[in-house]
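Peer 1: One structure is given below, represented as C-alpha cells, and several questions about it will come after.
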Amino acid sequence: MATTNSASLSLLALAGVEPYQEKAGEEYMNEKQIVHFRKILQAWHDQIVEEASRTVAHMQDEAANFPDPADRATQEEEFSLELRARDRERKLMKKIESTLKKLDTKDFGYCDSCGEEIGIRRLEARPTADLCIDCKTLAEVREKQMGY
C-alpha cells in the first residue's frame, strides 16, 4: 500500500498539486475537481513524452559499434529494456489520452461497469481508473479464475 501512496503522491507532485480536499456537500466531479485531474493527467502525459524524447536522444548518442561482442550484447540488452519501458508508456499514453477525453465529455470519475462514483482518492492514486474498487476487485477475481 505504501508504494501506491508514494506513486500517487509523486503524480500529484509531478502536476504540482496537493491532494484534493473535498468540502462538505460538494458536488462530485465539479469544475474544480475536473481541473485538478486535468492537471494531473496532463503532467503525466507530458512526462511520458519528455521521457520518450530523452530515450531517442540517448540511444542516438550512445549507439556504438563495440568490437567486443559482450559489450555489444550488453548495449543491445540495455536498449531493449528501454524500448520495452517506452512501449508500456506508449500504451499508458493512449489510456491517459482516453481519460482526458472522458474529462471533456463529463464521463470521468464514474465506473464504466456500474456507473457509481470511483472516488477522489482512488482517482488520485490511479487517474486512469475506469472501474470503482468493487468492480475492479470483481474483475480481478474473474481474471484469476479464468487464468489470465
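Peer 1: Go through GLU78, GLU143, GLU82 for me and flag whichever is more than 27 Å from GLN21 (Cα to Cα) and open to solvent by less than 50 Å² (accessible area, probe 1.4 Å).
Peer 2: Checking each option against the conditions leaves just GLU82.
Condition check ((1) touching a helix residue (DSSP H, G or I) at 6+ places or on another chain (Cβ under 7 Å); (2) in a helix (DSSP H, G or I)) across all residues:
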{"position": "GLU50", "(1), (2)": "no, yes"}
{"position": "ARG54", "(1), (2)": "no, yes"}
{"position": "GLN60", "(1), (2)": "no, yes"}
{"position": "ASN65", "(1), (2)": "no, no"}
{"position": "MET93", "(1), (2)": "yes, yes"}
{"position": "LYS102", "(1), (2)": "no, yes"}
{"position": "LEU123", "(1), (2)": "yes, yes"}
{"position": "LEU131", "(1), (2)": "yes, no"}
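Peer 1: Let me ask something else about it. Is there any pair linking a residue in segment 106-130 that is closer than 17 Å to ALA15 by Cβ to one that is open to solvent by 70 Å² or more (accessible area, probe 1.4 Å), with Cβ under 7 Å and at least six apart or on different chains, and which?
Peer 2: Taking only residues 6 or more apart or on different chains, the pairs are GLY109/GLU117; ILE120/GLU22; ARG122/ILE133; THR128/LYS95.
Peer 1: If you don't mind, there's one more thing I want to ask. Kindly evaluate TYR28 against the criterion of being open to solvent by less than 50 Å² (accessible area, probe 1.4 Å), touching a strand residue (DSSP E or B) at 6+ places or on another chain (Cβ under 7 Å) and either in contact (Cβ under 8 Å) with a residue 40 or more places away in the chain or of a type outside the set (Gly, Ala, Ser) (or both).
Peer 2: Yes; evaluated as a whole, the condition is true for this residue.
The values are calculated or read from the model by the stated rules, or taken from the named source; none is laboratory data. Not measured: the values here are computed from a predicted model. Counting neighbours? That spans all protein chains shown, and the Cβs are built from the backbone with ideal geometry, glycine included. Heavy atoms of the whole protein, side chains included, go into the accessibility calculation; ligands, DNA and RNA do not. Shrake-Rupley method; radii C 1.70, N 1.55, O 1.52, S 1.80 Å.
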